[in-house]
Every structure is written in structure tokens, then in C-alpha cells.
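Step one of this worksheet: look at the structure below.
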Amino acid sequence: MYSALAPTYARAPIAFERGEGAYLFDTDGRRYLDFAAGVAVVSLGHCHPHLVAALHKQAETLWHTSNLYRISGQERLATRLVESSFADQVFFCNSGAEAVECGLKMVRRYQDQVGRPHRYRVITFQGAFHGRTLATLAAGGQEKHLAGYDPRVDGFDQVPYGDVDAVRRAIGDETAAILVEAVQGEAGARVPPPGFLRALRKLCDEHGLLLFLDEVQTGIGRTGRLFAYEWEGIRPDIMAIAKGLGGGFPIGACLAIEPVSAVMTAGSHGSTFGGNPLAVAVANAVLDVVLGDGFLEGVRRVAVALSQRLAPLAAEFPSIIEEMRGTGLLLGLRAKGAASAQAALIEGLRNHGLLVAPAGDNVVRLVPPLIIDDSHIEEATGILERVCRKLVS
Ligand SMILES: *Cc1c(COP(=O)(O)O)cnc(C)c1O
């Protein structure tokens, strides 16, 4: 059937009309518990009253001025991100790919400015996902995403995720940085071995490399800390964030330590929409909630509760769920069998009113809004149990 939309997506035959908290309502009025959250984006659920109020207020005041002028909400958001992280300075953009792209430009320009222009290569990891621009695709290195888009952007060396020795062997005279996801999201909620980020930090220090974290998916509370790198007690040099930052309003950011961000002088980079008043008003409202007293502690508690309810289900239905993985509220259930098993599980759950997101490696990803409570966990695991029972019989 002809569609005016480019055929880029394999969409489910369903459209939503309204959202409220952890729930979505389709055009037939059917209610769904949303454990996909717009792929880890709707961090505070749908139409959170505090975000709605912030957006309304900003919409009635000022929408867009461009970065030709100062934007007070942008300055406030940057200050708050800096105060809550390793970073000294922030560049705002509109998506995850742009945030990673900005970091890649920082890497090259930093090495150039400190007199090492021959260092331009970046070590990345198999299974990585960093976005869909030509450079971020090359960084991700996934054949299925790169097919037909040659020639590839040069300068990326891929090694297995979690393999410190492979990283060490890959470091050469031209290496500038290591780009890594704290947890691989799109690859299927793959958690690296403990100490992995610490080992990468050490290698970077020994070889004069920049450590560049992609926390587009893991950032803003998803793993139970504001940023996932905090679990390892390290500090990166550059970090890309997006998804959860706007709670559904498009915004991305690239954070860096001052020696690195300082090379991005006036005219060296830019974005028409980046950090526009609407986007930063909503992101500031997201931070009001996420940085509020006890919020992240609550995320850690529900994350443990959800894992504890999922683990016995995975054990009870080994012919459906091969493995459970992930951390915080970035969890994956690996469907046993072919790709059709993953699709069947996702469709079964959707037909029973639970939305989840597909990921690589046959994984069904659970990335609920951070505001879920025990009743949502009961409802979701109840649906999962019913669907597994149906699929085995
Ligand atoms: C989603 C994602 C991106 C790309 O973000 P877009 O907003 O789609 O450009 C990059 N890195 C990671 C880890 C992601 O999960």
C-alpha cells in the first residue's frame, strides 16, 4: 500500500491518541502499560504535570531566538548538568546522534589543538549504537546499518565489548579516544563486566586518550544514578546525553571537561535549534524531578523490585525467555529461538496491553518510565506470565 511516509520504519499497526503517566491510549480507546517509553525517552511518563506546566509557560512566553543571543534557560540547564556531573561545559543539540557527533568533533579538534593532529582514530565496540549520521554510523560499525552508505567515515577501530585486552592491543599512534556505552542499549541491554569503565579510564590516562561515554540511553537516571558512569566511580572526559533529558521533547547535549570543550571556539560548531527555549524549559523541569529528594533512590528500589519479579518468570519459561539481562530500568529478556520468537513475544505482550521495545540479539527491552511503582510492576509481570503461558501451550 502506498504511503506518503518514507518506508524507514517497520511500524506496529497501532496509533496512540493520548498518554498519562505509564499508560498510553490508542485510537480505539484501548489502554496499554508503556514499558517502551518511546524507547527510553519518556523518562517521567506521559504528560507529567510538572513538564506540561513548564512547556505551557514557555510556549506562552518565547519559543525560539537562535544561538545568536543568550538563552537563560540554556545557561541554567548547563549549570545544573555541570554541578551534577564530571563536566565543566555543555553544548546543546537536538538528538543523541548529534550529541555523539559533537563529541567526535571535540576529540579531533582537541588532539589537533594540542599538537597531535595525527591522532584522530577512535576505538569503539562491537554491538555499539551511536546514531544514524554518517560518522556515528561508522562509529557503531554495524553492517546492517551501514549497508549501501559507502564510503564509510574513516577513523574507527572496533573491538569486542567488555574486552580490555583487545582495547589495549587496538591502541596505536593515531588513537585519539575511546567511545563507549556504559551499558549497550540497542545491542540488547548488555552490561559490561564490573571494572570495565575503570580499566578504560586507566588505559586512557596511560596513553593520553580521551574517554568519551555515550550515555544517550543510560543517562538521566535510567540505571538508578543520574549517570551510569557513577557506578564505577570514574570521570569521563566527554559524554553524550539525549533521550531521557527532554522527557519526550527533543534535546541532546554533549558535556566535556574544560580543556576539551575550550577548543570549540566561536564558529567551530553550532546548531540552529540546539538548546532552544522550549527544549531547555522542559529539560530543566525534568531535572527538577530527577534531582529531587529521594527520586533516584526510588528508581533503584523499583528497578530491584522489577528484576526480582522478572527473574523467576524467566526461570519458569526457559523455552520462551533464554536469559534476563540489563541493569536499573534498562532490562532485557532474550527471546529463545529465531527472530520470529522475539517478534511473537513483543506482539503477544502488546495484544495483552503491555508495550516493550525490540533490541538486538533477539532481546525484548523493558525501559519503563522512571516513575513506575509496584502496581505497574505487578501488572507488567502479570501480563508477561499470561503471554508466556500462552506461547508455551
Ligand atoms: C538512541 C541512541 C543514540 C541515537 O540517538 P538519536 O536521538 O536517535 O539520534 C545514540 N546512542 C545511544 C546509546 C542511543 O541509545
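What does a probe at Tyr149 reach in the range 1-34, counting residues whose amide N is under 15 Å from the point 7 Å along Cα→Cβ? Residues 8-9 fall inside that zone.
Of all the options Ile14, Ile377, Ile251, the one that moves most in a Gaussian network model of the chain with Cα springs shorter than 10 angstrom is Ile14.
Apolar share of the accessible surface for the range 317-393: 52 percent from carbon plus sulfur atoms, 1.4 Å probe. Full extension of the chain between Arg18 and His56 gives 12.0 nm of extra length, using 0.36 nm per residue less the Cα-Cα distance. Given a 1.4 Å probe and the protein chains as shown, Lys390 ends up with an accessible area of around 130 Å². Of the listed residues Tyr69, Tyr229, the order by accessible area with a 1.4 Å probe, largest first, is Tyr69, Tyr229. Find the percent of Cα-Cα distances in the range 1-111 that exceed 24 Å, and round it to a whole number. Beyond 24 Å sits 51 percent of the P(r) for the range 1-111. Between Ala166 and Thr272, what is the label-to-label distance in nm when each label sits 7 Å out along the Cα-to-Cβ direction? For the pair Ala166/Thr272, the computed spacing is 4.1 nm.
Multiplying the residue separation of Asp26 and Arg301 by 0.36 nm and subtracting their alpha-carbon distance yields 96.0 nm.
Cysteines in the chain that lack a partner Cβ within the 4.7 Å cut-off: Cys47, Cys93, Cys204, Cys388.
Between Phe249, Phe196, Phe35, the GNM of the chain built on Cα springs shorter than 10 angstrom shows Phe196 fluctuating the most.
On the accessible surface of the range 50-290, probed at 1.4 Å, how many percent belong to carbon and sulfur atoms?
Heavy-atom surface of the range 50-290 belonging to carbon and sulfur, 1.4 Å probe: 53 percent.
Go through the range 1-67 and name the GluC sites (Glu not before Pro) that are in a DSSP coil and have 11 or fewer other Cβ atoms within 10 Å of their Cβ.
Those satisfying the criteria are Glu60.
Taking 7 Å steps out from each Cα toward its Cβ at Arg389 and Arg76 produces label points 5.1 nm apart. The solvent-accessible area of Cys388, taken with every protein chain present and a 1.4 Å probe, is close to 0 Å².
When both the range 259-279 and the range 168-190 are represented by their alpha-carbon centers, they are found 25 Å apart. Within the full protein context, the accessible area of Trp63 is estimated at about 150 Å² for a probe radius of 1.4 Å.
What accessible area per residue, rounded to a whole number of Å², is obtained for the chain using a probe radius of 1.4 Å?
For the chain, the per-residue accessible area is 45 Å².
Ordering Tyr9, Tyr149, Tyr32 by accessible surface, largest first, gives Tyr9, Tyr149, Tyr32; the 1.4 Å probe counts only protein heavy atoms, with every chain in place. Principal axis extents of the Cα atoms in the chain, from largest to smallest and rounded to whole angstrom, are 65, 53, 49.
The values are calculated or read from the model by the stated rules, or taken from the named source; none is laboratory data. Note that the coordinates shown come from a computational prediction; the quantities given were computed from them, not determined experimentally. Neighbour counts run over all protein chains shown; Cβ positions are idealised from the backbone, glycine included. Surface areas here come from the heavy atoms of the whole protein model, side chains and all, with no ligands, DNA or RNA. Shrake-Rupley method; radii C 1.70, N 1.55, O 1.52, S 1.80 Å.
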